[in-house]
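Enquirer: Take a look at the following structure, please.
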Amino acid sequence: MLTHSPSTHSRARYTAGIKGQAMSANEKFPPPFKTLISEEELQARIAALGAQITEEYQGMGEDLVLIGVLKGSVLFMADLCRHIKLPLSLDFMGIASYGDGMKSSGVVQITSDLSHPIEGKHALIVEDIIDTGLTAHYLFENLKTRKPASVKLCSLLHKPERSEVEVPIDYLGFKVPNKFVVGYGLDIAQKYRNLGFIGYVEE
């Protein structure tokens, strides 16, 4: 996605506060975020998810396609796919959600579509975070119209406190509290996606 979905607008208040402020040459990196999930915890859980997906998709042939939701899922998907010991293909979708600047309205636009058809294939959506569930719900409904053999969802993070629409998360990394999380694909004004851990901003 353009930013991690569907909480693009729930992050607007903090992002607006730093918008236009470039990082100075001597600014400390990484910034002083509080660690929520360490790099070691992330990698151990992702390895376990890969093993679970391998087991459950075993015997389905070469029809598994991982669909990463840009941009937040890229790091997670890159690590996850290397733990799935099956032939698979990778594709991506870009999604933008709209709202009043603080809350997503559920109005969704595809900004970058799949590069190949998924008809007859087993589609596994790979997300960085599910909070309201609005964008994930839209993706499920959209992909089902393309006649895949199945559609499932794998998300690194889930914020249950923000849920507005129930979506089935078949493979979940971690449930997290309703904090402003950053790192390992999640951004602040498009920065800090490259952190190896999941941190949070103290408000």
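Values quoted throughout were computed directly from the atomic coordinates according to the rules given, and no laboratory measurement underlies them. As the structure is a computational prediction, the values presented were derived from the model and not from experiment. All Cβ positions, glycine included, derive from the backbone under ideal geometry; neighbour counts span all protein chains shown.
Enquirer: Restricting to Cα pairs below 8 Å that are 6+ residues apart, what does the relative contact order work out to for the range 40-198? Please round to a whole percent.
Expert: Result for the range 40-198 is 20 percent.
Enquirer: What does the convex hull of the Cα atoms of the range 40-198 come to per residue, in Å³, rounded to a whole number?
Expert: About 107 Å³ per residue, rounded to a whole number.
Enquirer: Determine the percent antiparallel among the DSSP beta bridges restricted to the range 91-203, to the nearest 5.
Expert: 50
Enquirer: In the structure shown, do any of 121/179; 144/179; 147/179; 71/175 have a Cα-Cα gap over 28 Å, and if so which?
Expert: 121/179; 144/179; 147/179
Enquirer: Give me the distance in nm between label points sitting 7 Å out from Cα along the Cα-to-Cβ direction at residue 165 and residue 90, one decimal.
Expert: For the pair residue 165/residue 90, the computed spacing is 2.7 nm.
Enquirer: Quickly rank 76-85, 134-143 as a protection proxy: mean count of other C-beta atoms within 10 Å, highest first.
Expert: 134-143, 76-85
Enquirer: Follow-up question, since we're still on this one. Starting from the Cα of residue 119, move 7 Å in the Cα-to-Cβ direction to define the label point; list residues of the range 125-157 whose amide nitrogen is under 18 Å from there.
Expert: Backbone N within reach: 142-151.
Enquirer: Right, something else. Quick one: check the C-alpha center-to-center distance for the range 66-93 versus the range 125-203, whole angstrom.
Expert: With the range 66-93 and the range 125-203 each reduced to a Cα centre, they are spaced 14 Å.
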